[in-house]
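Here the structure is laid out as structure tokens; the discussion comes afterwards.
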Amino acid sequence: MDPRIWSKLPPDVVEHILLLLPLKTLLNLRPTCKAFTSLLFSPSFVSKHSSSSSSPFSSYLLISHPQCPHYFRLYDSNLCSWRTLSLSLSNSLHLSASFTLVSSSGGLFCLYNPTSSSFLVHNLFVRSSRKIESPITRSRHLGHVTFVTTPLGYYIVLLCSKSTSNTSVFVYDSSKLSWRCFEGFNVVFSDSFHQQGTFFDGGLYFTTPEPFSVVFFDLESGEWERYVAELPQQVTFVRLVSDEEGKLYLLGGVGNDGISRSIKLWELIKGERVWVEVVGLPEIMCRKFVSVCYHNYEHVYCFWHEGMICVCFYMWPEILYYSVLRRTWDWLPRCPYLPLKFSCGFKWFSFVPKLYASV
């Protein structure tokens, strides 16, 4: 590392070397010198780094519990193992106990403080945050909170109601730094806070309780579409999840009288507006699924994570997942660092670090 040699490297060669470094190493280089800091946040480096497929990023599944709301255990998706390292948002943000993590997307965390009715969007790695005041008044009941990122920014979408049949939608657009309100959609949504809207085709898709249906909300126009596609027959519950390649999936149970005899996965064929069966859950796994949730499907929720459709349970510290590439089902290994005394209350999040995710 003779400085007489390294100091003479052309800038484009230095930039190429830095592009090959892990994210953690890049962050450690920031305080080294002003030249590195300037280079790491230059438009040229940001553009190349964002589009580089050679950067060896890690992606994580995070699990938390109400007894430790700011303390997360991490499962490394690349190494397929739990990390002894834990993540503490409170240390990073100096948060009070009132803030809790409600969602994560595109390398950003979205936290909510019910006491002050405010949100906090945070990039953990660059330690940048934005506080956003909620438009919800006390006269309204805050239901679903959906946080999604797009190439142009992010949205916070709130569903709230004055009555059981009148729903209002508040949409925060980071590109405009403002809220918009859309009124007058008469539909009943589940009270489960686990079930967020699924971002797909420029809007959010939601499922409704029985009689089950899938509805679509356009983020730009604020218009609702009730009829998306006819659901499969004899479904006992339904959940939605979208991937990064423009596909929308439906996970659901099939049976009678609210009892699931099988669990299946369907894909939406947009042009024909039909759900086509992709795969069923093997019987032995289906038995465990049913025993875990005991037909209480309100506590079952899904999300996409690095090629996997993750099925999570509020009352169980394991994830059932389907690998789209391998076309196989499996259970994520139970976290060995989680106290056995923890029962229900488990929350899972997908976290793919992005250095340049802007708040």
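No value in this document is a laboratory result; all are computed from the given coordinates. The model shown is predicted, which means the values in this text are computed figures rather than measured ones. Cβ: placed from backbone, ideal geometry, glycine included. Neighbour counts: every protein chain shown.
In table form, for the structure just shown:
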| quantity | calculated |
| --- | --- |
| Simple label model, 7 Å out from Cα along Cβ direction - residue 38 to residue 208, nm | 5.9 |
| Karplus-derived HN-Hα couplings along the stretch 339-345 (A = 6.51, B = -1.76, C = 1.60, θ = phi - 60°), whole Hz, x at Gly and Pro | x, 5, 6, 5, 10, 7, x |
| Gaussian network model of the chain, Cα within-10 Å springs - most flexible of 289, 36, 237 | 36 |
| Built amide H within the under 5 Å cut-off of residue 213, gap 5+ | 208 |
| Calculated on alpha-carbon atoms, Rg and Dmax of the chain in Å | 21.8, 77 |
| Residue 200 long-range amide H proximity, modeled H, under 5 Å | 205 |
| Loop-located trypsin sites (Lys or Arg not before Pro) in the stretch 212-310 whose Cβ has at most 11 other Cβ within 10 Å (DSSP) | 273 |
| Full-stretch length increase - residue 152, residue 330 - with 0.36 nm per residue and alpha-carbon distance subtracted | 60.6 nm |
| Total lysine pairs whose alpha carbons fall under 25 Å of each other in the chain (8 or more apart, or interchain) | 20 |
| For the chain, built as a Gaussian network whose Cα springs stay under 10 Å, the top-fluctuating residue of 307, 246, 271 | 271 |
| FRET efficiency, residue 234 to residue 285 (Cβ-Cβ, R0 25 Å, nearest 0.05) | 0.80 |
| Order of 245, 318 - criterion: other Cβ atoms within 10 Å of each residue's Cβ, fewest first | 245, 318 |
| Dipole of the chain, positive end: most advanced residue of 295, 222, 355 [Cβ charges, Cα centre] | 355 |
| ³J(HN,Hα), Karplus 6.51/-1.76/1.60, whole Hz, each residue of the stretch 235-240, x for Gly, Pro | 7, 9, 6, 9, 9, 10 |
| Cβ-based net charge around residue 318, under 11 Å, with every Lys or Arg adding one and every Asp or Glu removing one | +1 |
| FRET efficiency, 1/(1 + (r/R0)^6) with R0 51 Å, evaluated for residue 166 and residue 81 via beta carbons | 0.60 |
| Residue (of 174, 128, 305) at the positive-pole extreme of the chain, dipole from beta-carbon charges | 128 |
| Nonlocal amide H pairs with residue 132, under 5 Å, H built at 1.01 Å | 119, 120, 121 |
| Spin-label model distance (nm) - residue 117 vs residue 2, 7 Å beyond Cα toward Cβ | 6.8 |
| Charge dipole (debye, nearest 20) of the stretch 230-359; +1 at Cβ of Lys and Arg, -1 at Cβ of Asp and Glu | 340 |
| Burial ordering of 200, 212, fewest other beta-carbon atoms within 10 Å first | 212, 200 |
| Dipole-positive endmost among 336, 260, 282 within the stretch 60-351 (Cβ charges, Cα centre) | 336 |
| Order of 284, 263 under a 10 Å beta carbon neighbour criterion, fewest first | 284, 263 |
| Nearest-20 debye value, the chain charge dipole, Cβ charges on Lys, Arg, Asp, Glu | 1240 |
